[in-house]
Amino acid sequence: METKSLYNIICDAFEGGILPRDFSLPPVSDAKIPFADGASDGIGIYHMGAPEITDEIREVIKSAVIAASDEDFKCAEELFKALSEKISAIRAIDELQSFIIENRDSLNAKNLYNCAVHLMTKSADRECVKFGMSMLELFNIEGNEKLMKAVELIGQSDEFTIFAVFIMSRWKNANESIFALAQRVHGWGRIHAVERLEPKTDEIRRWLLHEGVNNDVVPAYSALSCWEKSGAAELLHNPDLSDEDFTGIANLIDALLDEGPCAGISEVENNAEVLAEFLKIAQNRTLSIDDYVIIQNIRIKFEDENPEVVTKCSEILNTENCRTCVRNAEKSGSVISLAKELGIDFKYEVMRQLETDFGKNFYLCGELMDDEHRAKTIEIFCKNLPLGELKTTPANSFPVGEKFQIHNRLDFIVQELKSYLLEGVDLVETALQCAPAGTRNCALRVLQSWVNISKTPLETLLPEIYRLIQKLVNIEPNNTARERMEKLLNGEIGENSNE
């Protein structure tokens, strides 16, 4: 049975002219690390330096292109597959295109073109599709409506958006096409499209202001581009600033404050004056809980840098309207931080949320580890986690999908138990027998902490756990976990720490 091409998989998934929001390509069967669509290339672009192009890589590129030029598409695809084991298409694109351009007089352009289309529409391999699109970028496909439509369709998969944008950039209506695509993708594809979108119309500028950073990855990746392209700083001087535009500006500022993945607020020209103007406007508006959370984030970011901005933030936060909003808001993580700052009790509401929607609110358990709520919190986790099912064969693999969600919930509570001697033993015992090495290591850190706190060897403190580890150490594949097990079995007691 012939393997279905990724292009056909994408086309078959369309509903009403767009891909479903939750669409993803079939997982790569032999992938060491599972990536969301587009994530591997996105991380490479934003967080890795220029690739090293070795002579071996150049030779494979040469062989693949010559095979394509000779109309041996099967051989070309196999060579591109081999190439992808050495370097990804996104990191080899410049070398590939340079070789084709430098040798264009000796290559058969028609065959290269046909091979590019073949790889894009017929291959079941992600990197081969991208190599095909990288070659197709070199050709003018303007006027070939069917092929242009194919590029637009495959570009709606976050895995291929950036390659579609590269191709679209040669079209007469390039910016309009990229804008249309940006609105249809929501993950890494939107980040790439926003980065290459020009703010040529009011419609585009307004979309960048209100929607540009709304991606399923991290808003910060697009924050600076959206800020500059939307003209947000100039809008702050508009005396008739609408509530909608104020909210858009606030959300952009919030995304700019997160400079973990890339530069943000520090790159905004006259950022202190910009924030002062924003806070001045905020003082004269009826704010929502989201606005107050953003203002708190500004205060935290500039706590040691700008006393004037911090003072203005504190004045806005210490108002009765802010306190009322906090009391009435559902206590998410960010609202809890604001409630703490304002001295507002929130634990009853958090406990209620944990009980009524465990799957959504499990991560708030760290706020409920005080003496009054800890036992009940542990009980809720024991009740909601399938502890028996989680005990399985240890591995070094990383869980995905539903398995990741369940193990992640267990990790959250287990890591909170280090300071609470012999509380949640069932959870720790389960974590010791889970497949992910990270979960097992989490449990072992808790046990070592308990040993240190009590100054009692594990064999005396928890004899059954000790005997369990005696069995587990013989099948433990993770070096770090095995070393921790051996220390516990040897009765080592160290200084108590929050490792």
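The values are calculated or read from the model by the stated rules, or taken from the named source; none is laboratory data. None of the values given here were measured: they were computed from a predicted structure. Counting neighbours? That spans all protein chains shown, and the Cβs are built from the backbone with ideal geometry, glycine included. Heads up: the accessible areas ignore ligands, DNA and RNA and are worked out on the full protein's heavy atoms, side chains in. Shrake-Rupley method; radii C 1.70, N 1.55, O 1.52, S 1.80 Å.
Here are the numbers for this structure:
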quantity: Single unsatisfied condition, Gly44 versus (1) outside any helix (DSSP H, G or I); (2) of a type outside the set (D, E, K, R); (3) over 15 Å from Cys128 (Cβ atoms); (4) within 19 Å of the chain's Cα centre (by Cα); calculated: (1)
quantity: Meets criteria (surrounded by 24 or more Cβ atoms within 10 Å (Cβ to Cβ), out of contact with any Lys or Arg (no Cβ under 7 Å at 6 or more places or on another chain) and aromatic (Phe, Trp, Tyr)) for Phe131; calculated: yes
quantity: Flag for Ile57 being more than 15 Å from Leu119 (Cα to Cα), part of a loop (DSSP other than H, G, I, E, B) and open to solvent by less than 40 Å² (accessible area, probe 1.4 Å); calculated: no
quantity: Qualifying position, being outside any helix (DSSP H, G or I), without any contact (Cβ under 8 Å) to a residue 60 or more places away in the chain and surrounded by 18 or more Cβ atoms within 10 Å (Cβ to Cβ), among Ile87, Ile100; calculated: Ile87
quantity: Condition broken by Phe278, with the remaining ones in (1) more than 24 Å from the chain's Cα centre (by Cα); (2) open to solvent by 50 Å² or more (accessible area, probe 1.4 Å) satisfied; calculated: (2)
quantity: Test for Ala193: is it over 26 Å from the mean Cα position of the chain (by Cα), under 22 Å from Gly38 (Cβ atoms) and of a type outside the set (D, E, K, R); calculated: no
quantity: First in region 7-28 and at pLDDT below 95 and open to solvent by less than 40 Å² (accessible area, probe 1.4 Å), second anywhere and in a loop (DSSP other than H, G, I, E, B) and β-branched (Val, Ile, Thr), Cβ under 9 Å, 6 or more apart; calculated: Leu19/Val185
quantity: Selection count, region 310-333, where residues are open to solvent by less than 70 Å² (accessible area, probe 1.4 Å), among the hydroxyl-bearing types (Ser, Thr, Tyr) and either in contact with a Phe, Trp or Tyr (Cβ under 6 Å, 6 or more places away or on another chain) or part of a helix (DSSP H, G or I) (or both); calculated: 2
quantity: Checking Gly189 against (1) without any contact (Cβ under 8 Å) to a residue 60 or more places away in the chain; (2) assigned to a helix (DSSP H, G or I), the condition it does not meet; calculated: (1)
quantity: So Glu372, is it open to solvent by 10 Å² or more (accessible area, probe 1.4 Å) and not in a helix (DSSP H, G or I); calculated: yes
quantity: Verdict on Ser242 being among the polar types (S, T, N, Q) and either touching a helix residue (DSSP H, G or I) at 6+ places or on another chain (Cβ under 6 Å) or under 25 Å from Arg21 (Cα atoms) (or both); calculated: no
quantity: Of the criteria (1) open to solvent by 60 Å² or more (accessible area, probe 1.4 Å); (2) in a helix (DSSP H, G or I), which one Leu79 fails; calculated: (1)
quantity: Residues (within 29 Å of the chain's Cα centre (by Cα) and basic (Lys, Arg)) located in region 311-346; calculated: Lys331, Lys340
quantity: Test result for Asp37, surrounded by 15 or more Cβ atoms within 10 Å (Cβ to Cβ), charged (D, E, K, R) and part of a loop (DSSP other than H, G, I, E, B); calculated: yes
quantity: Qualifying residue in region 345-357 (condition: part of a helix (DSSP H, G or I), open to solvent by 70 Å² or more (accessible area, probe 1.4 Å), out of contact with any strand residue (DSSP E or B) (no Cβ under 7 Å at 6 or more places or on another chain) and under 28 Å from Ser314 (Cα atoms)); calculated: yes
quantity: Residue under evaluation Thr377, criteria (1) of a type in the set (Ser, Thr, Tyr); (2) crowded, with 18+ Cβ neighbours inside 10 Å; (3) outside any helix (DSSP H, G or I), criterion not met; calculated: (3)
quantity: Unmet requirement for Ile336, which otherwise passes all of (1) at pLDDT 95 or above; (2) open to solvent by less than 40 Å² (accessible area, probe 1.4 Å); (3) part of a helix (DSSP H, G or I); calculated: (1)
quantity: Of residues in region 199-217 being over 13 Å from Val185 (Cβ atoms) and aliphatic (A, V, I, L, M), the one farthest from the chain's Cα centre (by Cα); calculated: Ile204
quantity: Hits in region 109-134 (condition: within 29 Å of the chain's Cα centre (by Cα) and either of a type in the set (Lys, Arg) or in a helix (DSSP H, G or I) (or both)); calculated: Leu119, Met120, Thr121, Arg126, Glu127, Cys128, Val129, Lys130, Phe131, Gly132, Met133, Ser134
quantity: Residues located in region 465-485, provided they are in a helix (DSSP H, G or I), open to solvent by 50 Å² or more (accessible area, probe 1.4 Å), touching a residue at least 12 places away in the same chain (Cβ under 8 Å) and within 21 Å of Gly388 (Cα to Cα); calculated: Gln470
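Let's see how each residue does on (1) open to solvent by less than 30 Å² (accessible area, probe 1.4 Å); (2) among the small types (Gly, Ala, Ser):
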| position | (1), (2) |
| --- | --- |
| Glu137 | no, no |
| Phe160 | yes, no |
| Val165 | yes, no |
| Ala174 | yes, yes |
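Here is a yes/no grid of residues against (1) touching a residue at least 60 places away in the same chain (Cβ under 8 Å); (2) part of a helix (DSSP H, G or I); (3) crowded, with 22+ Cβ neighbours inside 10 Å:
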residue	(1), (2), (3)
Phe404	no, yes, no
Arg409	no, yes, no
Ser419	yes, no, no
Ala435	no, no, no
Gly438	no, yes, no
Asn452	no, yes, no
Thr456	no, no, no
Thr460	no, yes, no
